[in-house]
Amino acid sequence: MKIDLLSPASFAAGQPHAQFDWLRDHSPVHWHEEPDGPGFWAVTRYDDVWAVDRDFQAFSSEPTIMITDPGAESAAFGPYKMMLMMDPPDHTGFRKLIRSEFTLPSAKLRGERIQALARQIIDAVIEKGEVDFVAEVAGEMPSFVIAELMGLPLDDGRELYALTEAIHTAPEAQAPGAGGMAVMKMFEYGSKVMAEKRARPGDDLASRLLAAEVDGRRLDDMEFLLFFLLLVDAGGDTTRNLLSGGLLSLMENPDQLAWLKADLTGRLPSAREELLRYSSPVIYMRRTARQDVELGGQQIRAGDKVVMYFGSANRDGAKFDRPGALDLSRPDNAQIAFGAGAHNCLGQHIARIEIDAMLHEVLSRMTDFELVAPPEWLASNFISGPRTMPLRFKRA
Ligand code: HEM
């Protein structure tokens, strides 16, 4: 089996499950060469991914969670980094700053508003009969939610989300410098937000972040901007891809779709967990070994890159019965699409509410979905999901 987990081509039609299946069976902690780097360990079994993610003492999130090490351009950030790339105790202090906004009770308080946004998104397309489901439906929800969280106009949320997509697209699949340019634009926009919210604080996360203190002091400009970038980036195309990829798997499994629709409200929670397992929008997170350590029979050396493949862990037959089958009624679904350790997805409760609200609206008001053209997948080895998915539908 040819293993290539770097080329976006391997992810051009979804996650490379044939490669993952082979790796879990034959080489679960696999040394993967890297043309422009030292190489990395690809970790593909559920229990190993879990163990790496839980053990920040042995596996650090610094200097980065991307496979490629930070290049010269990162010098512009000096000592600054996002909390996603920090270890405890620094990470703990930063996460604490925004944790209360993302608890289950806080997320639930946003439920009604999120449902209203879902209705509004479907109202805008319901008469059309044909849509690009990704841009016009699935992408709208996370764009609006991040705008609401930050206290920004909904249209600006859309623009920020377009920048997120450029940041997550592989450099070779877009114009040179497009990713870096998108980061700069995000910072420009974030700087305007910072100035406005300092002058006129509102009841929103951006204003609260600017007023909050870490280690007895306020965040400085760069710390705020990196938080802003992380929040916009983390909740954007992940949620979008789950919704589009999720609908696509439902269309491919009509028996499952029928089962779900027979009791939409009652069955959505278990269906949503299974769609998370089945699609796993975040392909990987990287760690760096802090010490020599053994994993899955391999000797990892201090300094080695160790990459956790969530989509593979989620199809591990040692953890899930019939792992390749979409089974919306799967009991005790321990999917790991949101990660497992100190960095586990902070936005997961909000993401679940967004997903449920959108799937409810889509499946109760739209029907007879038909692809107008094959979906085109995001060219990325980091985030997985369709970029475009033109669909015909009828009003239910
Ligand atoms: C289906 C949607 C989503 C998926 C699949 C997803 C997945 C993930 C994953 C895999 C991680 C890293 C976990 C780890 O390293 O163990 C993460 C971190 C994070 N996510 Fe999500 N996410 C989603 C939606 C969201 C949303 C809607 C938000 C915010 C509104 C969000 C905010 C974050 C943040 C802030 C982090 C970093 C946490 C930290 O470093 O402590 N995510 N997410």
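Where a number appears in this text, it was derived from the coordinates with a stated rule and is not lab data. Here the structure is a predicted model, which is why all the values come from computation and not from measurement. With ideal geometry, Cβ positions are generated from the backbone for all residues, glycine too; neighbour counts draw on all protein chains shown.
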Inter-label distance, nm, simple model (7 Å from Cα along the C-beta direction), LEU371/PHE77 = 3.6 nm
ask   = Excluding ARG110 itself, what net charge comes from residues whose Cβ is under 13 Å from its Cβ, given Lys and Arg +1 and Asp and Glu -1?
value = -4
request  = Find how much the distance from ALA212 to LEU264 grows on full extension, using 0.36 nm per residue of separation minus their present alpha carbon separation; answer in nm with one decimal.
outcome  = 14.6 nm
Debye intensity ratio I(q)/I(0), log10, the chain, q values 0.08, 0.12, 0.14 Å⁻¹ (C-alpha model) = -0.41, -0.97, -1.34
ask   = Going highest first, how would you order 154-167, 101-114, 178-191 by mean Cβ packing within 10 Å?
value = 154-167, 178-191, 101-114
query = Among TRP50, TRP22, which comes first, second and so on when ranked by fewest other beta-carbon atoms within 10 Å?
reply = TRP22, TRP50
query = How high is the FRET efficiency between ASP4 and ASP155 when r is their beta carbon distance and R₀ equals 41 Å, given to the nearest 0.05?
reply = 0.55
message = Let me confirm the definition first: pairs of Lys residues in the range 8-395, 8 or more apart or on different chains, C-alpha distance under 22 Å. How many are there?
response = 9
note = Taking a label point 7 Å from the Cα of ASP220 along Cα-to-Cβ, the residues of the range 76-102 whose backbone nitrogen sits under 14 Å from it are 76-81
query = For GLN291 and ALA178 in the same chain, what is the full-extension length gain: residue separation times 0.36 nm, less their Cα-Cα distance, in nm?
reply = 37.0 nm
note = Taking every other residue with Cβ under 9 Å from the Cβ of GLU148 and scoring Lys and Arg +1, Asp and Glu -1, one gets +1
remark   = When the chain is treated as a Gaussian network with springs between alpha carbons less than 10 Å apart, the largest mean-square fluctuation among ASP132, ASP47, ASP203 is found at ASP203
Counted charge near LEU243, where neighbours are those whose Cβ lies closer than 11 Å (Asp, Glu -1; Lys, Arg +1) = -3
key: Length gained when the stretch LYS128-HIS26 is fully extended (0.36 nm per residue, less Cα-Cα span)   = 31.8 nm
query = Is it possible to state the helix-based mean residue ellipticity at 222 nm for the chain, with each DSSP H run of 4+ residues giving -39500 (n - 2.57), the sum divided by total residues, to the nearest 500 deg cm²/dmol? What is it?
reply = -14000 deg cm²/dmol
